[in-house]
Amino acid sequence: MKFVKKPISAKDYDEIKIYTKKAFENIGSESYRQRLVYKLLNSAKVNNQNDFFSSLLRALNSRKNDEHVKRLSRKLEWLFPLSPSNFEKIAYSIIMGIMSVRGE
Amino acid sequence: MIKASNETRLVGEPVLQFTGNWIIDLGMLGFVNLLEEIYGWDILETQKRIKENEEIVYYGLFPFAYMCSEIKRKDSTVSKKIIEDFLNEIYKRKFRSKKEIFDFTWENHITKAATSRWKDYITERVVDDKKFISKVSKSLEKLKELIRELEDFEKEFIRKNRDEIKRFLDKKGRFQKFKYKDIKKFRDAPIEKFKEYGEEFIKNAKKFKKLLSKVDRYLDKKWKDEIVGNKDISESTVFRIPIDNKYYKNFLFFQPGYTHEKQKEEFYHAIDFKIEKEDHILNRIDKTINKFLASYRKAVNIYYAPLKTKFFINNIPYLFVYLFCFDRAFEYYRNIDYLVFYSNDIFTTYEINKRLRLRKSKIESEEDPNSIFRGTWQTVIDTIIEMESWWVLENLYLIKYAKLDENTQRFIDVEYMGISRLQATLLLDDDIRRNLNQRVQVDENEYRWLFEEFIKNKSLMPIIMNHLVLRLNQKTKQRKVQPLLYALAVEAELFPAHDFTNLFEDPMLLKAKLDELIPKIKESRKKMGMAMTNIQKLFSKDIRENNAPHLFSIIRRQSKYSFVNSLLRLIISNPEKDKKLIKHLNDYVFHEIVQNDETWIYYALGLFIGFIGGKQ
């Protein structure tokens, strides 16, 4: 896979985390999100981008008309494809975004 | 006890100031030490006295103190009263010239102070050197007779009480004759000491002591009548004040062949700077002062021009006074040799050396050869903080001499202790200094001083790592966490990416940067502390203890994302769901670890300390 060098800044990671948090505020229950985080942590650990994004996108797909979900998707679309090192940083930004959703 | 140097400056320009030449400067320090040794004055008092009446100090107080100190070095005594009387009298009198001050001091007081030294010397020579008596019998006409009387009795005494004498003097083997040190032992011992050796011994020992004091009385009278208070002393060398110096041999007043009058004259000229004969050239500043210098006569061409007195007189009046005192700047430390701490400020240098002397026994008792470094730094920092002269930090030296001995004059080591302005700035902050001023255990019997590593520009990280291994395995009793957090925060902020290397930067800009640094370090330390506390709140003791080894090994492998991964798993599977705590940790991990590629490991360790706990 060819990676186009995109200048990803701290601001981008911040945005990803915030967008993720907003998007997941309306997705599933807390235990659903917990299961998802586990899954994502497993994929991130073995650096498996495909698994990671298929789990993530499947979850996002349930609310694809949500404004926040759209923003996150657009951001991810812009970032793709990711080098393995960028992937880790993005992956943990997303995971931590989900983890920072305030539960009910 | 000296006050802040700022205050001493308010008193006015100090009269004694360092010149920048370390030999002269240490001489000046030795001069201050000498006056302190004899009169008990600190540096402020000495400065004050010089200001009030310079000539009294250099032509009266100095020669008297110098002679007293040399006499004491010879194990003879100078009573307190002699010193007090001298001080009282010299300040009461009016003098018309410096020569008059010197003559008054020498004739009336130095001679008085030298009485016991002279008597000891003559007795020693007469007893230990057969030929000496005939040399001096012209001047000390009765001495020969007294000594014969003493020796005759000595023979009888030894014949009758040989075994007891051997026991008393702790001697083995054949014993025929007393040496001076045996006689001294008899002279100094009280009669009660003789009791255990039987009646006859007591009787003979008493008589021996009597004969000894007869000799002593004769010498005492002779010296007091003919020398003390007198001007024209006999030409004989017998009446020379018997002093010499291990470090300097060539100064004429140490010459054994000189008469009393000549000795006095040479001493005066040395103070007065007139110890050269031709053309005011400083012939005697060469090898006499320091073996590193060539002899002027033998190597005239090594100088671009002859050193003329006037250059020195204008800049450093009393140069030789200071040079004489050079060896008095040093203090002898067992296992370390002669040592002095030197910086560019006389007040700081004086105060630090004084405090080092107070800590002497502690410094000597430590087995660790680095203890002098440690002791010095501790003292240096304490003093500098108190005196607010932090600029001194950048110019510190430890000078070590193997022996203060005329043959070698060899110094072992000059250690430059100066530290950068950056380090100085950090150490002047109370919190940072207090926390880095800690010894941290790194192995079973090994401790590291954070402070020392820091000023030696070494990384603190390996120390923290090794220490944490001990804590994990419960092999240390140390529990404090703040020094660890400060060490981590300091290093995180000083990471090479931060540019403090440019020393030639505009000082104003550098200062601004340095001013920002301390708040930044404190902020980092605070963040780490919070993260550590929150970990302790969030996880039970069991969870923390079970997971600590695993997390630590990940940090050691420097595997950032594995660490984050494991930590997030723990957080998400933890039954405790305090949202605030989790949010805080989440932000910390995100900003300080995930996003931070350079210094994440310091923040990871800060948080990790929460897993092993400790005392705040």
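The values are calculated or read from the model by the stated rules, or taken from the named source; none is laboratory data. Treat the numbers as computed from the prediction; the structure is a model and nothing was measured. When we count neighbours, we look across all protein chains shown, and the Cβ atoms used for this are built from the backbone with ideal geometry, even at glycine. Heavy atoms of the whole protein, side chains included, go into the accessibility calculation; ligands, DNA and RNA do not. Shrake-Rupley method; radii C 1.70, N 1.55, O 1.52, S 1.80 Å.
List of remarks:
- B:Asp244 fulfils the conditions (1) open to solvent by 50 Å² or more (accessible area, probe 1.4 Å); (2) closer than 19 Å to B:Lys119 by Cβ; (3) at pLDDT 85 or above; (4) not assigned by the TED database to the domain that holds B:Phe153 except for a single criterion, (3).
Okay, residues lined up against (1) modelled with pLDDT of 75 or more; (2) open to solvent by 20 Å² or more (accessible area, probe 1.4 Å); (3) assigned to a helix (DSSP H, G or I); (4) at positive phi:
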| residue | (1), (2), (3), (4) |
| --- | --- |
| B:Lys400 | no, yes, no, no |
| B:Lys403 | no, yes, no, no |
| B:Asn407 | no, yes, no, no |
| B:Val414 | no, yes, no, no |
| B:Phe451 | yes, no, yes, no |
| B:Ser459 | yes, yes, no, no |
| B:Leu468 | yes, no, yes, no |
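- Check on B:Leu607, in contact (Cβ under 8 Å) with a residue 40 or more places away in the chain, within 14 Å of another protein chain (Cβ to nearest Cβ) and open to solvent by less than 10 Å² (accessible area, probe 1.4 Å): no
- Only a single criterion out of (1) within 14 Å of chain B (Cβ to nearest Cβ); (2) without any contact (Cβ under 8 Å) to a residue 60 or more places away in the chain is not satisfied by A:Gly97, namely (2).
- When A:Arg63, A:Arg33 are screened for being in a loop (DSSP other than H, G, I, E, B) and surrounded by 16 or more Cβ atoms within 10 Å (Cβ to Cβ), only A:Arg63 passes.
- Residue among B:Thr46, B:Thr77 that alone is in a loop (DSSP other than H, G, I, E, B), without any contact (Cβ under 8 Å) to a residue 40 or more places away in the chain and not small (Gly, Ala, Ser): B:Thr77
- In the range B:576-602, residue farthest from the other protein chains (Cβ to nearest Cβ) [restricted to those that are among the aromatic types (Phe, Trp, Tyr) and within 18 Å of B:Leu485 (Cα to Cα)]: B:Tyr602
- Considering the range A:36-56, and only residues there that are open to solvent by 70 Å² or more (accessible area, probe 1.4 Å) and either under 24 Å from B:Ile582 (Cα atoms) or touching a Ser or Thr at 6+ places or on another chain (Cβ under 9 Å) (or both), the residue that is farthest from the other protein chains (Cβ to nearest Cβ) turns out to be A:Asn50.
- Residue match in the range B:555-566 (condition: free of Cβ contacts under 8 Å to residues at least 24 places away in the same chain and more than 12 Å from chain A (Cβ to nearest Cβ)): yes
- Taken together, the criteria exclude A:Ser73 from residues that are more than 14 Å from every other protein chain (Cβ to nearest Cβ), touching a Lys or Arg at 6+ places or on another chain (Cβ under 7 Å), small (Gly, Ala, Ser) and surrounded by 15 or more Cβ atoms within 10 Å (Cβ to Cβ).
- Screening the candidates A:Ala59, A:Ala10, A:Ala23 for the property of being facing chain B (nearest Cβ under 10 Å) and either without any contact (Cβ under 8 Å) to a residue 60 or more places away in the chain or over 22 Å from B:Glu598 (Cβ atoms) (or both) yields one hit, A:Ala10.
- Selected residue [touching a Lys or Arg at 6+ places or on another chain (Cβ under 6 Å), part of a helix (DSSP H, G or I) and within 18 Å of B:Ile243 (Cβ to Cβ)] from B:Ile71, B:Ile133: B:Ile71
- The range B:532-580 - residue that is aliphatic (A, V, I, L, M) and more than 19 Å from A:Glu88 (Cβ to Cβ) and, of those, surrounded by the fewest Cβ atoms within 10 Å (Cβ to Cβ): B:Ile543
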